[in-house]
Amino acid sequence: MTTAEFHTEEDRIAGFTVRGHSGFASEGEDIVCAAVTSAVRLVECAVNDVLGLEASVKVRQKDASITLKLPAGLGPDNESTCQTLLAALMVYLVQLAEEYPDHITVLEV
């Protein structure tokens, strides 16, 4: 199962960790894993490559995980954009979890 944890600080999403394989299908044919990976990569590219914010990103092959942590002290515009991106990712993954409840879970921690 894939687990997505969104790390919050008061009313701010500070980052996320997504780990594990969904187990929906075999490697290379798993549409749930592909959907999750694509969405996570899009957010990471938007934050780091488009906005140039240098969020901390850690990828671990051992447990098939990626963690993204937003940097502190973002200006109001970048903070607003990042919160929109992370909230959209959360909503998307929750919707995916509703469709595939045995393969993905989303937590707010």
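Within segment 3-28, which residues are under 14 Å from D63 (Cα atoms) and open to solvent by less than 40 Å² (accessible area, probe 1.4 Å)?
Once the filter is applied, which keeps residues that are under 14 Å from D63 (Cα atoms) and open to solvent by less than 40 Å² (accessible area, probe 1.4 Å), segment 3-28 yields T3, A4, T17, V18, G20, S22.
Taking interchain pairs and intrachain pairs at least six residues apart, which have beta carbon atoms under 9 angstrom, with the first residue in segment 86-109 and modelled with pLDDT of 95 or more and the second in a helix (DSSP H, G or I) and open to solvent by 50 Å² or more (accessible area, probe 1.4 Å)?
L89/L42; Y100/I31; V106/V94
Could you please let me know if V32 is of a type in the set (A, V, I, L, M) and in contact (Cβ under 8 Å) with a residue 60 or more places away in the chain?
Answer is yes for this residue.
Sort out which residues of segment 51-85 are within 25 Å of M1 (Cα to Cα) and modelled with pLDDT under 95, and write them in order of number.
Result: Q61, K62, D63, A64.
I'm trying to understand the selection: among the residues of segment 3-20, which are more than 14 Å from the chain's Cα centre (by Cα) and in contact (Cβ under 8 Å) with a residue 12 or more places away in the chain?
Within segment 3-20, just R12 meets the criteria.
The values are calculated or read from the model by the stated rules, or taken from the named source; none is laboratory data. The structure displayed is predicted, hence computed values, not measured ones. All Cβ positions, glycine included, derive from the backbone under ideal geometry; neighbour counts span all protein chains shown. When the accessible area is computed, the model is the full protein with side chains, heavy atoms only, and any ligands, DNA or RNA have been set aside. Shrake-Rupley method; radii C 1.70, N 1.55, O 1.52, S 1.80 Å.
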